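Engineer: Here it is: the structure, laid out below.
The values are calculated or read from the model by the stated rules, or taken from the named source; none is laboratory data. Since the model is a prediction, treat every value here as computed from it, not as a measurement. Cβ: placed from backbone, ideal geometry, glycine included. Neighbour counts: every protein chain shown.
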Amino acid sequence: MEHLIEGYRRFREAEWPTRRKQFEALAARGQRPRVMVIGCSDSRVDPAMVFDAGPGEIFALRNVANLVPPYQPDGSLHGTSAAVEFAVRGLEVEAIIVLGHAMCGGIHALMNGLPGPMGEFLGPWISIAANARNRVLRCDPADAQLACEHEAVRVSLDNLMSFPFVAERVLDGRLQLLGGHFDIRSGVLAMLGKDGGFSAA
Ligand SMILES: [Zn+2]
């Protein structure tokens with residue numbers, strides 16, 4: 001932990017003086033990011049790093065395997081749905097990017113089972129993408145992990161459309177839904193195209 005506190009001290013000394021005005025402006029007028037990114041909690045796929053974005057640019061949500069559950073207004077503790085609601089109804093973002101990534105542990109667990117004693121919360125969570133797994137197993141692709149990472153992004157995009165306030169804005173053009181996949185081995189970002197496939201951005 002000490003190295004993180006040291007990192008903070010370096011940030012205060014070197015970075016903060018150059019960023020101060022920017023943060024003061026963001027604090028004074030509030031945040032107005034135009035894009036929400038739903039990424040994985042994986043420590044290697046920071047959306048701000050991938051998109052070289054600064055403070056105030058991205059409203060980021062990160063969870064295991066960058067999943068969006070279906071619309072389920074049942075009073076349960078839906079953290080991801082709450083963030084989607086805030087981004088869309090509150091911040092009125094113009095785009096939501098679901099950002100998958102290579103070597104995703106959550107997708108690996110979905111395909112191969114959860115390791116060890118985990119599963120109390122992870123099991124139900126990753127089952128959001130059960131249809132992605134089923135579709136991949138039916139096709140038997142050469143790289144099932146990659147195929148499932150792609151398919152899970154499509155499932156999350158479909159689930160986003162089950163939120164009435166998302167669908168309404170997509171249909172009238174106020175909101176765009178995009179899919180992406182970042183390969184942590186090559187640093188290449190692929191975006192989901194209109195043809196339904198992922199290709200390098
Ligand atoms: Zn992941």
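Engineer: Give the residues of the range 63-92 that are more than 21 Å from A147 (Cα to Cα) and under 12 Å from the mean Cα position of the chain (by Cα), sorted by residue number.
Structural biologist: Matches in the range 63-92: T80, A83, V84.
Engineer: When you scan the range 163-178, do you find a residue that is in the same structural domain as P47 (by TED's automatic domain parsing), over 20 Å from P70 (Cβ atoms) and in a helix (DSSP H, G or I), even just one?
Structural biologist: no
Engineer: Specify which of the listed residues (Q31, Q72) is out of contact with any Cys (no Cβ under 6 Å at 6 or more places or on another chain) and within 30 Å of E120 (Cβ to Cβ).
Structural biologist: None of the other options fit; the residue is Q72.
Engineer: Is one or more of the residues making up the range 77-90 in a strand (DSSP E or B) and more than 16 Å from the ligand (Cβ to nearest atom)?
Structural biologist: Within the range 77-90, none of the residues are in a strand (DSSP E or B) and more than 16 Å from the ligand (Cβ to nearest atom).
Engineer: Give the residue that is surrounded by the most Cβ atoms within 10 Å (Cβ to Cβ), with candidates limited to residues of the range 92-132 that are of a type in the set (V, I, T) and not in a loop (DSSP other than H, G, I, E, B).
Structural biologist: I107
Engineer: Listed residues R89, R135; which is surrounded by 14 or more Cβ atoms within 10 Å (Cβ to Cβ) and basic (K, R)? Break it down into steps so the answer makes sense when it comes.
Structural biologist: Numbers: R89 fails: surrounded by 14 or more Cβ atoms within 10 Å (Cβ to Cβ).
The conditions single out R135.
Engineer: Another question, then. When G187 is evaluated against the numbered criteria (1) farther than 19 Å from I38 by Cα; (2) loosely packed, with under 13 Cβ neighbours inside 10 Å, which criterion, by number, is the only one it fails?
Structural biologist: (1)
Engineer: Residue check, A65 against (1) within 30 Å of R174 (Cβ to Cβ); (2) out of contact with any Cys (no Cβ under 7 Å at 6 or more places or on another chain), all met but one. Which one?
Structural biologist: Just one mismatch for A65, condition (2).
Engineer: Cβ-Cβ below 7 Å, separation at least six or inter-chain, first residue in the range 101-124 and farther than 22 Å from V188 by Cβ and assigned by TED's automatic domain parsing to the domain that holds R62, second modelled with pLDDT under 95 and near the ligand (Cβ under 10 Å from one of its atoms): which pairs?
Structural biologist: none
Engineer: Related question: Looking only at the range 35-67, which residues are within 12 Å of the ligand (Cβ to nearest atom) and either aliphatic (A, V, I, L, M) or not assigned by TED's automatic domain parsing to the domain that holds Q176 (or both)?
Structural biologist: I38, V45, V64, A65, L67
Engineer: Is there a residue in the range 186-194 that is part of a loop (DSSP other than H, G, I, E, B) and modelled with pLDDT under 95? Even if it seems obvious, please write down each step before you answer.
Structural biologist: Within the range 186-194, the first condition is being part of a loop (DSSP other than H, G, I, E, B), and the residues that meet it are 186-187, 193-194.
Keeping just the survivors that are modelled with pLDDT under 95 gives 194.
Yes, that holds for at least one residue.
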